[in-house]
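Every number in this text was worked out from the coordinates using simple rules, so none of it is lab data. Note that the structure is predicted; figures quoted are calculated from it, not measured. Note that each Cβ is placed from the backbone with ideal geometry, even for glycine, and that neighbours are counted across all protein chains shown.
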Amino acid sequence: MRLLVCLALCLAVSPAWAKKSGKKARAGARPAKAATAVSPKKEITLYQRLGGASALTAIVDQFVANCAGDPRVASFFTSTAADAARMTRFKKNLTDQLCEATGGPCKYSGKDMKNAHDTMKISNEQFDAVSEDLTAALTQFRVGTREQAEVMKFVSSLRPKIVTVNS
């Protein structure tokens, strides 16, 4: 009971309470400090750290060129490379997927990874080769080690959906 009485007395003489209640604060009392909203520091997304849309487009272009020139996986890209419209759509899907995965504004609207790769019979070695081709593209564009690791973590998460052949 004493605690409630003390609390009531403290509130009664508080300048902030007095101001809210329309009463005058007592002479010499300091005004209560206004609560300042502390906005949390906004984390810069991986998408932004990579350089945004134009950087992702350049990385994807180089990545696709690396894959097409890689004898370990080039055969997977032959029919796509032969059709300009299909290649454009393929690169856009890759860019959108990477954009979305890195916190960018894009929305990937292509097939899910399991259905897109189900009939391709991709092995772990081929998945690793494509991962190396992407790493080479990231390195060529001087993407930092931290950012490369984050991109490759996403790519690695796709392995169970893409690899269908034990090797």
With Cβ to Cβ distances under 10 Å as the rule, what net charge do the other residues near Leu50 carry (K, R +1; D, E -1)? -1
Of the listed pairs Lys107/Lys153; Lys42/Lys161; Lys91/Lys161; Lys42/Lys111; Lys107/Lys161, which have alpha-carbon separations greater than 22 Å here? Lys42/Lys161; Lys42/Lys111
Given the peptides 50-56, 94-100, arrange them by the average over their residues of other C-beta atoms within 10 Å, most packed first. 94-100, 50-56
Find how much the distance from Thr88 to Asn124 grows on full extension, using 0.36 nm per residue of separation minus their present alpha carbon separation; answer in nm with one decimal. 10.3 nm
Can you sort Tyr47, Tyr108 by how many other beta carbons sit within 10 Å, fewest first? Tyr108, Tyr47
Ile44, Ile122 arranged by Cβ crowding within 10 Å, fewest neighbours leading: Ile44, Ile122
With the stretch 50-165 reduced to its Cα atoms and the Debye formula applied, log10 I(q)/I(0) at q = 0.13, 0.17 1/Å amounts to -0.47, -0.85
